[in-house]
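Single-structure report; data block below.
The values are calculated or read from the model by the stated rules, or taken from the named source; none is laboratory data. Since the structure is predicted, the reported quantities are computational estimates derived from the model, not experimental observations. Here the Cβ positions follow ideal geometry from the backbone for every residue, glycine too, while neighbour counts run over all protein chains shown.
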Amino acid sequence: MRLLNTTLVAALLMAANLPAQAATNEDVDSSFFPYKNGVPTHDGLNAGVVIDQSNVGQFKEVIDPAMFEFISQGWTKITVGETTSFDLHPNYIQATRDGLGKVKLGEKSGEIEGFIAGRPFPEEPSMDDPRAGEKLAWNYKYGYNWGDNAAIYPFYWKYKDMKSGKLERTIKFNFHFLNYMHRVNQEPLPEITPNPSKLYRAIYVQALEPFDVKDTQLLIHRYENDLKRDSAWLYLGFQRRVRRLASGQVTDAFLGSDVMIEDFEGYNGRINDMEWTFKGAKNILVPFYNHNALPNLSEEHKESDGYQFVEMGDKGDCFPQITWQLRKVYELENKPKDANHPISKRVHYIDAQTFTIPRTLTYDRKGDLWKSWQIGQAHPDHHLPKNKGTGVAIDDSFTMIDVQAMHCTTGQFKGQVDPSLNPARKFTVQNLRASGR
């Protein structure tokens, strides 16, 4: 019996570590074009339908648990939009084809071998694969979120009391994103050099107003080696100095908001920090839409080019006023390995076509729902002219709702796929000091 168990374990490990040689060009087509043979449907669910307290029970199967509860309580409603394809850039898809049969997981979580560019594991995940969740996490890490580089320029965060609807604070930011490696579209390709530290990606954040946080800056360096901890620095404008962030600070409230640094983009951390479990594929409503077709854009914070941000409304002004599409998602659970982490788990609903994370539910240490995270995804061809044809699902609005504190932080974006806004020198510690003077 002992020999049998040992043999079984060895077989499972061997199967989990085999290269993705089973993946085919047909798998790539299915992964990137899931709606080529038709879109998902549900009885009574059509474009233009409004889901509210009166009919939400009819659509429980296609709404995540937190959103179902919000609608049931009358906090918000969903307007259904037509399900449309968000085609990623052809170069990213071709890079995926070029990598077929070459990519496999390493022995340890956080290790990957043979990856060059594109989607590492384009095959349909299997519930029988004990490392399917980890493969989905790699697909997210190396996804085309923001492409090779982009900026949210500007970016308004608003802190709100959900019970009263009182606006407590507004912070204006610029966010910048840069991929150093695995680039597929914007020069230089495939890597920015020199890159002696082997950085994979960097995020730079600058607070512009109000005065008490002006010039506060955050810089995050993520390494190609997932087993190596991120480096992060914070420049505090009022102190005029740079300090290195301890790893634990990424789970603190960022500038007093409901958002952790680890929450950025749905999940902003190492794969190795979490245990990943694939919970299955399903069709649910998620916040995907055409920004320029939204009927009620905000009259506040208008840009000189006429761009208007997504409007907020409903309970506490905590909900983006957008449309939702019925789309294929992968339910992915992550649990922190660190027993001191403030959460017990996150449940991500990853869009199967773009591998962005439009919905995440976060649970406290007791296992109760703590926060609901929503990132609206706008089609690039119905947004700013410069975004057309980029193949980037544009992050366009967010809300982080702390259901226990009845508080929310909302975000209104002007996402721009524009390399000129993201020179490599911006993502350096030296730039923190120079920009803060």
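So here's what we get for this one:
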{"quantity": "Positions within segment 255-277 being within 17 Å of the chain's Cα centre (by Cα) and not acidic (Asp, Glu), in sequence order", "calculated": "259, 260, 261, 264, 266, 267, 268, 269, 270, 271, 274, 276"}
{"quantity": "Checklist (1) in contact (Cβ under 8 Å) with a residue 60 or more places away in the chain; (2) assigned to a loop (DSSP other than H, G, I, E, B) applied to residue 238, failing item", "calculated": "(1)"}
{"quantity": "Flag for residue 191 being among the acidic types (Asp, Glu) and under 23 Å from residue 91 (Cα atoms)", "calculated": "yes"}
{"quantity": "Qualifying residue in segment 9-27 (condition: among the aliphatic types (A, V, I, L, M) and at pLDDT 95 or above)", "calculated": "no"}
{"quantity": "Single condition residue 124 does not satisfy, out of (1) closer than 22 Å to residue 229 by Cα; (2) touching an Asp or Glu at 6+ places or on another chain (Cβ under 8 Å); (3) not β-branched (Val, Ile, Thr)", "calculated": "(1)"}
{"quantity": "Residue in segment 200-213 that is part of a strand (DSSP E or B), crowded, with 21+ Cβ neighbours inside 10 Å and in contact with a His (Cβ under 6 Å, 6 or more places away or on another chain) present", "calculated": "yes"}
{"quantity": "Residues satisfying the stated conditions in segment 247-289, i.e. touching a Phe, Trp or Tyr at 6+ places or on another chain (Cβ under 8 Å) and either of a type in the set (Asp, Glu) or not assigned by TED's automatic domain parsing to the domain that holds residue 219 (or both)", "calculated": "258, 263"}
{"quantity": "Considering residues of segment 91-106 that are farther than 25 Å from residue 187 by Cα and touching a helix residue (DSSP H, G or I) at 6+ places or on another chain (Cβ under 7 Å) only, the residue surrounded by the fewest Cβ atoms within 10 Å (Cβ to Cβ)", "calculated": "104"}
{"quantity": "Hey, residue 357 among the β-branched types (Val, Ile, Thr), under 26 Å from residue 43 (Cα atoms) and part of a strand (DSSP E or B) or not", "calculated": "no"}
{"quantity": "Matching option when the condition is within 19 Å of residue 40 (Cβ to Cβ) and surrounded by fewer than 18 Cβ atoms within 10 Å (Cβ to Cβ), among 280, 313", "calculated": "280"}
{"quantity": "Any chance residue 195 is modelled with pLDDT of 95 or more, of a type outside the set (D, E, K, R) and surrounded by 15 or more Cβ atoms within 10 Å (Cβ to Cβ)", "calculated": "no"}
{"quantity": "Residue within segment 144-152 that is buried (at least 20 other Cβ atoms within 10 Å of the Cβ), of a type in the set (Ser, Thr, Tyr) and within 18 Å of the chain's Cα centre (by Cα) present", "calculated": "yes"}
{"quantity": "Qualifying residue in segment 298-319 (condition: part of a loop (DSSP other than H, G, I, E, B) and aromatic (Phe, Trp, Tyr))", "calculated": "yes"}
{"quantity": "Contacts under 7 angstrom Cβ, first residue in segment 77-106 being without any contact (Cβ under 8 Å) to a residue 40 or more places away in the chain, partner part of a loop (DSSP other than H, G, I, E, B) and of a type in the set (Phe, Trp, Tyr), 6 or more apart", "calculated": "99/115"}
{"quantity": "Residue that is part of a loop (DSSP other than H, G, I, E, B) and in contact with a strand residue (DSSP E or B) (Cβ under 8 Å, 6 or more places away or on another chain), where the choices are 59, 86, 70, 115", "calculated": "86"}
{"quantity": "Hits in segment 364-389 (condition: in a loop (DSSP other than H, G, I, E, B) and touching a Lys or Arg at 6+ places or on another chain (Cβ under 9 Å))", "calculated": "367, 384"}
{"quantity": "Residue satisfying all of: in segment 406-437; in contact (Cβ under 8 Å) with a residue 12 or more places away in the chain and part of a loop (DSSP other than H, G, I, E, B); surrounded by the fewest Cβ atoms within 10 Å (Cβ to Cβ) among these", "calculated": "437"}
{"quantity": "Residue list for segment 187-222, restricted to those being farther than 17 Å from residue 264 by Cα and within 20 Å of the chain's Cα centre (by Cα)", "calculated": "199"}
{"quantity": "Among (1) touching a helix residue (DSSP H, G or I) at 6+ places or on another chain (Cβ under 7 Å); (2) farther than 30 Å from residue 160 by Cβ, the one test that residue 251 misses", "calculated": "(2)"}
{"quantity": "Residue 110 assigned to a loop (DSSP other than H, G, I, E, B), at pLDDT 95 or above, surrounded by fewer than 14 Cβ atoms within 10 Å (Cβ to Cβ) and not assigned by TED's automatic domain parsing to the domain that holds residue 229", "calculated": "no"}
